[in-house]
Amino acid sequence: MTQTTRTPATRRSHRDGTLRDTILERGQRKCQRAFGYAAAALPGGPIASMCIINDRLPLTPELMLMGYSQGLFPMDYSGTLRWQSPDPRSVLLLADLRISARMRALMRRATFDIRFDTDLEGVLQGCADREETWLTPRMLDVYRALGELGAVRTTEAWHRGRMVAGTFGVPMGRVFIGESSFTRMDNASKIAWVHTAEHLRAQGFDAIDCQYHKPHFARFGAIEMPRDEYRRLLARGMVAPADYGQPSQVRAVAG
């Protein structure tokens, strides 16, 4: 049997490594305890704690996807990142999607080409082009990176070769997290949004996360859902996710 002889340098390296592992283990336990204390002390409990921790982490595509999976989303206010998790949450259950007779008539008369996933950059720039926006340069950069991963999907309304409206969001399980929209032509954004909802329903999605409740969403059937219920809906969808579909499979034309 060969016996390994440790030199002073080897012993020192082993001792340093053991000490480093011990410090890291203690640091991890300390961090976990601090998280537990924060979860107990903060009014929002663990969700508020996750938001606060995420505020201080580098904004990356991986962090974005992790946050979305937990029911969080980021907003950038004048260079200050703040993760959000509203309670209640505005949610449109697609089984309850309501499209008024007036909206149907508008869609029949429309002269827009409705396209999916053909111009992410154009949609991002359109959504960011307003006097006050949370879509700051770093937010745009992370959505571009998510787009390269196939994690951001767009619906666009085109008129005579020009994009006149668009909306984008992130599919997460069987929930589509709607992020922003823009319009340059009357009713174009509404029509693009309805096409998004109808496509998602056809693909087996359960809901669109509208985040904050607004009359515009309520007209289509969105409700205010308790945050815990929304997170359960999100978790169920993550177990058996829907397939959004490829652009070539989901092109539609209005008019």
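What follows is calculated from the coordinates using simple rules that are stated; it is not laboratory data. What you are looking at is a predicted structure, and each value in this text was computed from that prediction instead of being measured. All Cβ positions, even for glycine, are placed from backbone atoms using ideal geometry, and neighbour counts span all protein chains on display.
In terms of other Cβ atoms within 10 Å, Trp158, Trp134 run from fewest to most in the order Trp134, Trp158. Model label points for Ser100 and His159, set 7 angstrom from Cα along the Cα-to-Cβ axis, are 2.0 nm apart.
Stretching the chain fully between Glu229 and Glu132 yields a gain of 31.8 nm (0.36 nm per residue, less the alpha carbon separation).
The distance separating the Cα centre of region 213-228 from that of region 71-124 comes to 12 Å. Residue separation of Ala240 and Asp186 scaled by 0.36 nm, minus their Cα-Cα distance, works out to 15.7 nm of gained length. Going by neighbour counts of Cβ atoms within 10 Å, the residues Thr136, Thr196, Thr111 line up, fewest first, as Thr111, Thr136, Thr196. Distant-in-sequence amide contacts of Glu179, defined by a placed amide H-H separation under 5 Å and a gap of 5 or more residues or a different chain, comprise Phe168, Gly169, Val170. Summarising the label geometry, the points placed 7 Å from Cα in the beta-carbon direction at Arg29 and Arg109 lie 7.1 nm from one another.
The alpha carbons of region 89-253 occupy a box of 43, 41, 34 Å along the principal axes, longest dimension given first. Label positions at His216 and Gln125, each projected 7 Å from the Cα along the C-beta direction, are separated by 2.2 nm.
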